[in-house]
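Input: a single structure, listed below in structure tokens.
The values are calculated or read from the model by the stated rules, or taken from the named source; none is laboratory data. Predicted model, so just to flag it, every value in this text is computed and none were measured. Cβ atoms come from the backbone with ideal geometry, glycine included; neighbour counts cover every protein chain shown. Heads up: the accessible areas ignore ligands, DNA and RNA and are worked out on the full protein's heavy atoms, side chains in. Shrake-Rupley method; radii C 1.70, N 1.55, O 1.52, S 1.80 Å.
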Amino acid sequence: MGETKVERKKILLLVKTQPTISKSYGELVCTAGIDENGNWVRLYPLPFETYKDGAFQKYTWIDVDVVAREHWKDPRPESYTPQRDTLSLGKTLSTRGRWRERRAYVLEKAKIFTSMDELRELGRTNKVSLAIFKPAKVLNVQVFEEGNPKYTKEEVRNFLKGMEALTSDLFDGKDHTMRYVPTEKVPFRLKITFLDSHNKKSCMSVLDWEVGALWFNNYKNAPFTTIKEKVEARYWDFARNTDLHFYMGTILQWVQKRALNPWSIIGVAQFPHQWQPEFDFGI
């Protein structure tokens, strides 16, 4: 076996998904972004504990040493294992000038897909597992009540196993209070139905961290009818009034099963419309 190649990467963080239960890490957040050349990088695993202080915001540059994931663990081409103790935070890109800085680093450097047939084939054959997609039109935004709004006993047991492993690994004997309950499960699922540039219709779940944060920060104790109304209204507003893009990611189990469509929406990017060219005269 060859030596493990360690690389230093500078990544613009674009994706944080809702936490999922892991036997090895308690809770995990799918984290991804693009490097300075617009190439996608998936960082896995990154425990939810990494995000608890709120420091890891979207559109923030991070520097970290990574190694390519072992193919038998995760064959997706953009997947890397971060060495957490080498991770440092950099600048967060501004929203000034109708997101001028963010648009320059994201939409002008990374490839933008507009055909779902193309993206499905690339995902099914595991040539691409992260992408930016521009929908031609959003047809529907729907919130569905989750059939199992609470974690099962088995999921809680897996969480506790993962937290024990994480505590010994991440904190290495240092004082740390282990959590005994997972983050509250988001009790609904958001789906968006849209057309691509060839008028092909797709419907996908949205796994974006911000969906859960919207519920937790604003409607946590509200009845489902209120949650449905408010969340749908929020994402309809994005669809109608912004230059909407989706950050897309393939799901590992679906890639392994060679599913015809292994993609989900893992981030929603509501870039403001640019009504007219903006000029910089260097004044």
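What shape does the chain have by the C-alpha gyration tensor, where a ≥ b ≥ c are the square roots of the eigenvalues, rounded means a/c under 1.5, and otherwise prolate means a/b greater than b/c and oblate the rest? The shape class here is rounded.
Of the cross-linked pairs K150/K200; K91/K161; K16/K201; K150/K257; K16/K127, those separated by over 29 Å at the C-alpha level are K150/K200; K91/K161. Could you work out the longest stretch of the chain that avoids the chymotrypsin sites (Phe, Trp or Tyr not before Pro) located in DSSP loops with at most 10 other Cβ atoms within 10 Å? With a cap of 10 other Cβ atoms within 10 Å, the longest stretch comes to 73-179. The order of L139, L190 by accessible area, most exposed first and with a 1.4 Å probe, is L139, L190.
Give, as a single signed number, the net charge of other residues whose beta carbon lies under 13 Å from the beta carbon of M248, with Lys and Arg counted +1 and Asp and Glu -1. Spelling it out: positives minus negatives among the neighbours equals +1.
Okay, helix-only estimate at 222 nm for the chain: each DSSP H run of n ≥ 4 adds -39500 (n - 2.57), divide by all residues, round to 500 deg cm²/dmol; what do you get?
My calculation for the chain gives -7000 deg cm²/dmol from helical runs alone.
Within straight-line reach of K10, meaning a Cα separation under 17 Å, sit the following aspartates and glutamates at least 8 residues removed in sequence or on another chain: D35, E36, D63, D65, E78, D85, E101. For the stretch 197-264, the square roots a ≥ b ≥ c of the C-alpha gyration tensor eigenvalues yield an a/c of 1.5 or more together with a/b not exceeding b/c, which makes the shape oblate. Placing E108, E101 in order of accessible area, with the largest value first and a 1.4 Å probe, yields E108, E101.
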